[in-house]
Every structure is written in C-alpha cells, then in structure tokens.
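Working notes, beginning with the structure itself.
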Amino acid sequence: MTATRPDLPKHDLLIDGKRLPPGSGEYSTDINPATEEPIALVAQGSAADVDTAVLAARAALKSWAGMRAADRGRILNRFADLLEAHAEELITLESLDAGKPLAAVRRQDLPAVVDTVRYYAGWCDKIHGAVIPTRPDALTYTVREPVGVVAAIIPWNFPLMIGMWKIAPALACGCTLIVKPAEITPLTALRVAELALEAGVPPGVFNVVTGKGSVVGNALVAHPGIDKVTFTGSPGVGRGIMQGAASNFKRVTLELGGKSANVIFADADIDAATRAAASGIFFNSGQVCSAGSRILAQRKVYDEVVERLTTRARAIRVGDPASPDTTMGPVVSAAQMKTVLDYVEIGKREGASAVTGGARIGQRGFFVEPTVFANVEHEMRISQEEIFGPVASVIPFEDEAEAVRIANGTAFSLAAGVWSADIARVHKVAGELRAGTVWINTYGYTDVRLPWGGAGDSGLGREHGDAAIENFTEPKAIWLSLR
Ligand code: NAD
C-alpha cells in the first residue's frame, strides 16, 4: 500500500551510511498486527536502489576485509554493547512490527541477538587456514577470504534474531552486506544498521534496502555484483532464489520451512512432554520454522496427550503484546491469518476434529485461537503442509517403526523431538529421524554455537557455528616455490 501520512514516522533506505529516499519516491504503510493501525511509512526500494547499495557495498569491501581482524572483533563487540544499551527500544519496535509479546522478545529474541554478535565477534581473529604439506620443494597453505558482497533476505517471524544470524557472521568474515527485511517487518533491521554504524562499522559495509521481495529481493538475487545470497523464508521463494542465483553462480544458503514431528512415546513424562509440545507449536503464534506442528502420540497415551494439549491451549492468554500477562500475540498479517483459518477449514473437511480453537478472536488485530486437531491422519494436508500458525495436529502411532515412518514422511527435515524414558530408544530414534536438529525430552532450543538448517524443502546448507564462517568465506590454496 502506498501512502502519504505525514503524521507517521518515515523510514528511508540506509545505503552507504546515509538515509536515502527510494528512487521511486514510494513508501508503504507498516501495520501493527495487534491493532491493524499504521505505525510507519517505509521506503519501497527499487532495482535502481539495489544498484546503488551494491556499488556502496563493493566499494567498502576492500577496507573492511583488510582491517585488522581483532579490530573488526572490537567493533562487533561495541555493536553488541549498543544493542544491549538500546534493548528496550528494539524490543518495543519488534513487538509493534511483528505482534510478538514484549515479554517474549525481552526473554528470548534480544538476548539471542546480542549473544550472536558477541559469539561472532570472537571469531574475527580466529578465521584461519592451514599449512598443508604437499611436496618438499613447495610451501603450500590455505587462507580463508571473505566471500564478498552478501545479500541477506530475511523473513518476518524473527526479524531481529534471524537477521542477526546472517549479519553477524558475514561482518565477522569481512564481507559487506545488503539486508532486505520482510516488507511487513522492516523496522528493527533499519535501527540495527544505524547502531552498527554508531559502533564503527564503516559506511557501505551494512546497507538496508526495504521493499517488496518481488522487486528488491529479485534484484538482489539477479545482481552480478552480489557474491552470496543467504535467505530464510518459504520453500517456493527459496527455489526461485536458487534458480536466480545460478546467473553468476552466487553462493546460496537457504533456511526454509518445516513440519516438525514431536514424537511422544507412552513411557515419556507426559506432563513435561505436553507442556513442551504446547509451547513447541504455540510459541510466536506458531510462526516458527521449527514449530512442532505434528505431535505424534503413541496410541496408549493418545487421548491423554490430546486432553493435556487442549487444556494447555485453552490456558494460553492471547492478547495485547504489550501486556505482561499475554502469552500469545496475533499472527503477523491479515494474509497470514487467512492462510491459517483456511487450513483449519481444510483440516475439518479432511475429517480431522478441531478439539479446541479454530477461529479468529475479535474483529480487530490478527488474533487466532490456539487450535488442536485430533484424529489427524498422516496423509492429510494439515499433516503434510506448513501452516505457520497456532495449529497443532495430533497423530497416533503404534510403535517405533511407525513413529519414524510418519515423522520422516514429509518433504521437510528441519527439526524433530522425541520423548521417552528409554535411553536406548531415544538415541536410536534420534538417529533415524531425518532432521537437522533433534531434541530429546525437550523441544525448541536453539543456540548459535550449534548448526541450524535442514535438507529437502527445509533448505540447503547450515547456519550458525563454524558452518556460517565457511558460508561467508572462500578458501584459497597458495603455493610458494622453495626451489
Ligand atoms: P517468504 O519466502 O515469503 O519471504 C521471505 C523473504 O523473502 C522476505 O524478505 C520477502 O520479501 C523475500 N522475498 C519474497 N519474494 C522474493 C523473491 N521473488 N525474490 C527474493 N526475495 C523474495 O517467507 P515469509 O513468509 O517471510 O516467512 C515464512 C517462511 O519462512 C516459512 O515457510 C518458514 O518456515 C520459513 N522460515 C524458515 C526458517 C528457518 O530457519 N529454516 C526460519 C524462519 C522462517
């Protein structure tokens, strides 16, 4: 939506250390999903703005990559200090823009963001190659060089945190970058880039071009001046990015969707398992790539699992994200609410029973009831397709073999959980689950020190830890003649 509301804060692009109006002169209206009220006007970038940003990022590359590594680390630590100093401002912005409960952003997102920056600050002066012996008349060694100019395309479900999973390692490796936040949640990326400048990240190193995926995202992916695209979002867009990136063989990392199975065996601690399963699907209104959206319950405890989940779903306090009592906010947009409610109808038509929830709450704000479906069969669409909302599908299974078959039976493979008191079984099942992360007798933790990602429709490559250092560097082999 293009708008001219002079009373709203107006956000320009951030390129080469400066706020620049978009070439198109157009701004979209950013909406608070809890109230549906406009909160800001945001620049609609164009392909020409992407050109400007790529030029700035290329020009800044040599000096940023050539800086003393320890100095880059110091700048990143200062950046982390500033993120901490501005925590409340960032928490408020993120909550307003994405509809997340303030308390959740304070407890989870912001600390993870700061932790990510500090972790990669520590990497700056530890990115090295090796001397690899080959022949007696040569000294042969490797160095790791920055991959170059990076395009980071970010989704709306964790704009700050997922953004920083890309920004921090790219900066640590000496890359320059252009961040494209999701069109509906652009505010924190812009503020974070300003804080990076204040911390001493030179102009041109960290640019933000806001706007539509089909315009700005597309232009970044097609641009010959971009060396790597790191993307988190939907499988459909990911596929297009991989195809587009082939134009100049850009490096690509894709973190896509999930339909994660949380497998509860009859000998598990059912109270703990259902508590974690409820937060595994209802946290962030279910808009989590690793949401445990399929809860697999062994037949003997199936009814108990459904009942306990239902009780927990009904106890969730859905409402104003600013209220300390709120445990679930709205979903992010009218479009997302429609998707979720459409899936509820699909589930009912397929013959699953909505034990609780399934409807919009109120008429203002995109609030959806926490929903539990029972009698879900593995082949149903609500069991196969990512809903990305607060909808749990509870599926029965008989034994270990059937649990693994169902858990592995979707196109996704991001994460899975397994609950049992049998230590041999949990290890065995963890080994058999096709997933980038498996949680045993817990669910949902992430840490930037551990690899994160999946295969199939869940993506390509891994983020976090040393995997991210590899993603943002290229090894170079060097031969020195000793003759
Ligand atoms: P999306 O794919 O619609 O958008 C993601 C980003 O891509 C946005 O910035 C968008 O503007 C941009 N984009 C859209 N079209 C584009 C194009 N043609 N070219 C380039 N960029 C384009 O996804 P979303 O709706 O923002 O996020 C939800 C999806 O993200 C879900 O499928 C979810 O599972 C996935 N996700 C995955 C992870 C993970 O770590 N694996 C984390 C969060 C979300």
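The values are calculated or read from the model by the stated rules, or taken from the named source; none is laboratory data. It should be emphasised that the depicted structure is a prediction, and the values quoted were computed from it without experimental measurement. A quick note on method: Cβ atoms are made from the backbone with ideal geometry, for glycine too, and the neighbour counts reach across all protein chains shown. Keep in mind that these areas ignore ligands, DNA and RNA; they rest on the heavy atoms of the full protein, side chains included. Shrake-Rupley method; radii C 1.70, N 1.55, O 1.52, S 1.80 Å.
Annotations for the structure displayed:
- Flag for Thr339 being more than 16 Å from the ligand (Cβ to nearest atom) and not charged (D, E, K, R): no
- Qualifying residue in the stretch 198-219 (condition: surrounded by fewer than 24 Cβ atoms within 10 Å (Cβ to Cβ), near the ligand (Cβ under 10 Å from one of its atoms) and polar (S, T, N, Q)): yes
- Residue, nearest to Thr473 (Cα to Cα), within the stretch 229-238, restricted to residues that are in contact with an Asp or Glu (Cβ under 9 Å, 6 or more places away or on another chain) and more than 6 Å from the ligand (Cβ to nearest atom): Thr230
- Considering the conditions (1) more than 14 Å from the ligand (Cβ to nearest atom); (2) open to solvent by 20 Å² or more (accessible area, probe 1.4 Å); (3) among the hydrophobic types (A, V, I, L, M, F, W, C), Val263 is excluded by exactly one of them, (2).
- Residues (within 22 Å of Thr52 (Cβ to Cβ), assigned to a helix (DSSP H, G or I), modelled with pLDDT of 95 or more and open to solvent by 20 Å² or more (accessible area, probe 1.4 Å)) located in the stretch 226-258: Gly244
- Residues located in the stretch 369-396, provided they are within 16 Å of the ligand (Cβ to nearest atom) and open to solvent by 20 Å² or more (accessible area, probe 1.4 Å): Arg381, Gln384, Glu385, Glu386, Phe388
- Residues in the stretch 454-481 that are open to solvent by less than 50 Å² (accessible area, probe 1.4 Å), away from the ligand (no atom under 16 Å from the Cβ) and hydroxyl-bearing (Ser, Thr, Tyr): 1 in all.
- Out of Ser323, Ser279, Ser285, Ser290, sole residue that is assigned by TED's automatic domain parsing to the domain that holds Arg425, within 23 Å of Trp439 (Cα to Cα), of a type outside the set (A, V, I, L, M) and part of a loop (DSSP other than H, G, I, E, B): Ser290
- Residue among Ala189, Ala151 that is assigned to a strand (DSSP E or B), in contact with a helix residue (DSSP H, G or I) (Cβ under 7 Å, 6 or more places away or on another chain) and within 16 Å of the ligand (Cβ to nearest atom): Ala151
- Of all residues making up the stretch 156-177, the number that are within 12 Å of the ligand (Cβ to nearest atom), outside any helix (DSSP H, G or I) and buried (at least 24 other Cβ atoms within 10 Å of the Cβ): 2
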